[in-house]
2 protein chains.
Amino acid sequence: MKAVEWLGDRVRILDQTQLPQKEVYLELGRHQDIASAIKALKIRGAPAIGVAGGYAIALGALKIKASSKAEFLHELKDVTRQIAATRPTAHNLPLALERMQRAAEAVKDVEQIKKALVSEAIAIHNEEAEATLKLSKLGAELIKDGFTVLTHCNTGPLATAGYGTALGVIRQATEQGKKLRVLATETRPLLQGARLTAWELKEFNIPFSLITDSMAGYFMSKGEVDCVIVGADRIAANGDTANKIGTYTLAVLAKENNIPFYVAAPITTIDPALASGAQIPIEFRSPGEVTHIQGVPIAPKGIEALNPAFDVTPHPFITAIITEGGIIGEPYEEGIKKIYGNLSP
Amino acid sequence: MKAVEWLGDRVRILDQTQLPQKEVYLELGRHQDIASAIKALKIRGAPAIGVAGGYAIALGALKIKASSKAEFLHELKDVTRQIAATRPTAHNLPLALERMQRAAEAVKDVEQIKKALVSEAIAIHNEEAEATLKLSKLGAELIKDGFTVLTHCNTGPLATAGYGTALGVIRQATEQGKKLRVLATETRPLLQGARLTAWELKEFNIPFSLITDSMAGYFMSKGEVDCVIVGADRIAANGDTANKIGTYTLAVLAKENNIPFYVAAPITTIDPALASGAQIPIEFRSPGEVTHIQGVPIAPKGIEALNPAFDVTPHPFITAIITEGGIIGEPYEEGIKKIYGNLSP
């Protein structure tokens, strides 16, 4: 299974909205197709969005007819704007777009720029895959044999176009021979836990139980959870972390029950330009995702629903942030500065 | 709309599993039919289960052929056992069954016992309706004009066969002219919030937004919630409260964000025989309620899911418990003793 694959003149993705019922691959030849796929969550997960964004720029560039560099860059900016506008919260996407922009500017000839952009997109993909494997190996040290690990949303290969973040850590610990049990929250409204994490855990042969989001507190209060581990969409300079809606709740519950709460993310998810989580843009999605489940209405017609797709967990609730550059704790500001300085993407 | 209605020789209920799509009434003539309806959540909500339980005993009694009191009571015990076995957590049910048992024992002649049981069931229903109206009026004092009130699960007329508990308080405050806004959690797995509370709030013309359970923390952390109010299924002598799964989580989030957390329940929900919430039996329901939503599978086939239907909120998280006997706070043990002594059901 490959969540995102570059095929030279198009990108092949596994349509995540159809899992687990159907395994459908889509081949996307235009950057607009990738933009639509990101908006519709056919590709999702902060690192995977970054990877897909890189490929989208490459595809857009291949189709630009301009012969002068200035004209080419002007048209490329329009492509970039369309991709940037898809989803606001994950940091990996704007970072990948910046990186693609720099790659384009560094080359003189238009045909060479196109080649450079394809190479850069592939490099982003490879580096993200390596980063997630590395952070998963580091994070696995925190997971002890016999642990029950609670996780939220989906953070495996599907979400990262690599090895995984939170789910990568769980996977690595298991590959090291530790016997784990996972509690996977279904993650309403779009059920990434029930549909995708359950599907991946089944593939990896890791024992797990699916629970609703509202049940996490029950199992924590019963002493049945040894640690919580989640991914991230954007991490501010002070360690405040935006992640899938419901993450803040799990962090508050974990603190109340003295359970370690870990965030696992590649350095590309860190946004050192934001002082705190209050500045992270939170995407509000369609109310229809709340009033309907997989197209089936679950509420009376015409009612109002709200749908914030992410929330921010303040850093005091986070026991450690696991990155490929190391595992950091309080004071996060220092740790993040050091790691980001060493391994700036 | 009447959630439960006595028709002399049968009970008419509104099938809550079909709401909000269909308004289907069922007429149930045998106690076994009521037992099945309670198990299947066609009738649900602690007070409504108590009311339905009383009528089930009356129906069962009407069908008993025995002519001696001893034989009659023996057969009645079997009916009672079947009703008691339907759902374990709500206290209103065993309390109603005890009361029916006492009513039967107090009369000599079998035909008179039957009449007494019908009267007693109707009395339980009327008293529960009065109690919920009274507690709603008392509780409304806690709700200020302009408040945004967050509530969980369903606690209106459907759940109480009366006026409502948490939703009754909201209703009363609105009837007093206060302008409120409600945030209603959908309440997975069975979506009582999305299906039933949304339906009732729409009927009452109270402005509300539906959210997933995982979004409550977001709105609390943003300062958009003025208080949380929920119902209860069983309250121990120390104030620990069992209620729909997810309630404990809301209480922890409310405390973290300095938001008052209220429990509204008739005195019949209080179980003074239990010292603390640790002794409250928690029902685990079918995993299929987690892996499927309204019959549609949302997870890969054959996976394991867990389904605790209730959780316990320890009393230190509860700002006040609202009953028809008064509003009580810490020390709950004293307050509960006093109220229960005065108004023992």
Exercise for the section: Give the shape of segment A:139-342 as rounded, prolate or oblate, defined through the alpha-carbon gyration tensor: a ≥ b ≥ c are the square roots of its eigenvalues, a/c under 1.5 means rounded, and otherwise the shape is prolate if a/b is larger than b/c and oblate if not. Expected result: oblate
Practice task
Report ³J(HN,Hα) in whole Hz for each residue of segment B:127-136, in order, from the Karplus equation J = 6.51 cos²θ - 1.76 cosθ + 1.60 where θ = phi - 60°; Gly and Pro get x.
Solution key: 5, 5, 5, 5, 4, 5, 5, 5, 5, 5
Exercise for the section: Work through the residues other than A:Lys202 whose Cβ is under 11 Å from its Cβ and net out their charges, Lys, Arg +1 and Asp, Glu -1. Expected result: -2
Fill in the blank from the handout: Residue-ordered couplings for segment A:161-171, obtained by feeding phi - 60° into the Karplus form 6.51 cos²θ - 1.76 cosθ + 1.60 and rounding to whole Hz (Gly and Pro as x), are 6, x, 8, x, 10, 4, 5, x, 4, 4, 4
Handout entry: At 7 Å out from Cα toward Cβ: B:Lys2 inter-copy label distances (nm, ascending)
Key = 6.7
Practice task
Keeping the other protein chains in place, figure out the carbon and sulfur percent of the accessible area of segment B:4-133, with a 1.4 Å probe.
Solution key: 51
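Step through the table entries A:Lys255/B:Lys144; B:Lys22/B:Lys202; A:Lys222/B:Lys338, compare each Cα-Cα distance with 22 Å, and write down the pairs that go over it.
Details: A:Lys255/B:Lys144 31 Å; B:Lys22/B:Lys202 15 Å; A:Lys222/B:Lys338 31 Å.
Correct reply: A:Lys255/B:Lys144; A:Lys222/B:Lys338.
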Problem - segment A:4-133: relative contact order as a whole-number percent, Cα under 8 Å and 6+ apart - result: 24
Practice task
With a/c under 1.5 counting as rounded, go ahead and sort the protein assembly as shown into rounded, prolate or oblate using the C-alpha gyration tensor (a ≥ b ≥ c being the square roots of the eigenvalues; past the cut-off, prolate if a/b is larger than b/c, else oblate).
Solution key: prolate
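With every protein chain present, what is the per residue accessible area of segment A:139-342 (1.4 Å probe, Å²)? Numbers along the way, then the final one.
Working: 6230 Å² over 204 residues.
Accessible area per residue, segment A:139-342: 31 Å².
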Exercise for the section: Provide, as a two-decimal number, the C-alpha radius of gyration of segment A:237-291 over 2.2 N^0.38 Å, N being how many residues it has. Expected result: 1.34
Practice task
Let me have the 222 nm mean residue ellipticity of chain A computed from DSSP H runs of 4+ only, each contributing -39500 (n - 2.57), with the sum over all residues rounded to the nearest 500.
Solution key: -12500 deg cm²/dmol
Problem - Sequence-separation-based contact order of chain B, relative, with Cα cut under 8 Å and 6+ spacing, percent - result: 16
Exercise for the section: Just tell me how shielded A:244-250 is by partners: mean number of partner chain Cβ atoms within 10 Å of each residue's Cβ, no decimals. Expected result: 6
Handout entry: Note, ³J(HN,Hα) from phi for segment A:282-289, Karplus 6.51, -1.76, 1.60, rounded to Hz, x at Gly and Pro
Key = 9, 6, 9, 9, 4, x, x, 6
Handout entry: For A:Ser276, label point 7 Å along C-beta direction: distances to other copies, nm
Key = 3.7
Exercise for the section: Give the accessible area for B:Tyr55 in Å² (nearest 10); use a 1.4 Å probe, count only protein heavy atoms, and leave out ligands, DNA and RNA. Expected result: 10
Completion exercise
With every protein chain in place, the accessible area of A:Trp6 for a 1.4 Å probe, in Å² rounded to the nearest 10, comes to 40
Practice task
Could you list, in their original order, any pairs among A:Lys2/A:Lys65; A:Lys114/A:Lys337; B:Lys137/B:Lys179 whose Cα atoms are separated by more than 22 Å?
Solution key: A:Lys2/A:Lys65; A:Lys114/A:Lys337
Completion exercise
Taking every other residue with Cβ under 12 Å from the Cβ of A:Thr132 and scoring Lys and Arg +1, Asp and Glu -1, one gets -1
Fill in the blank from the handout: If each part is reduced to its alpha-carbon centroid, segment B:35-51 and segment A:242-285 end up apart, in Å, by 40
Exercise for the section: Based on the mean of other Cβ atoms within 10 Å per residue, sort peptides A:29-38, A:214-223 so the most packed one is first. Expected result: A:214-223, A:29-38
Exercise for the section: Filter the trypsin sites (Lys or Arg not before Pro) in segment A:238-301 down to the DSSP loop ones having no more than 12 other Cβ atoms within 10 Å, then list what survives. Expected result: A:Lys301
Fill in the blank from the handout: Between B:Tyr163 and residues 5 or more places away or on another chain, the pairs with built amide H atoms under 5 Å apart involve B:Thr132, B:Leu133
Fill in the blank from the handout: Copies of B:His292 compared via label points 7 Å along Cα→Cβ give distances in nm, shortest first, of 2.2
Fill in the blank from the handout: Once all protein chains are kept in place, A:His315 shows an accessible area at probe 1.4 Å, nearest 10 Å², of 50
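The values are calculated or read from the model by the stated rules, or taken from the named source; none is laboratory data. What you see is a predicted model; the values in this text were computed from it and never measured. Don't worry about glycine lacking a Cβ; one is built from the backbone with ideal geometry, like all the others, and counts go over all protein chains shown. Side chains are part of the model used for accessible areas, which takes the heavy atoms of the whole protein and leaves out ligands, DNA and RNA. Shrake-Rupley method; radii C 1.70, N 1.55, O 1.52, S 1.80 Å.
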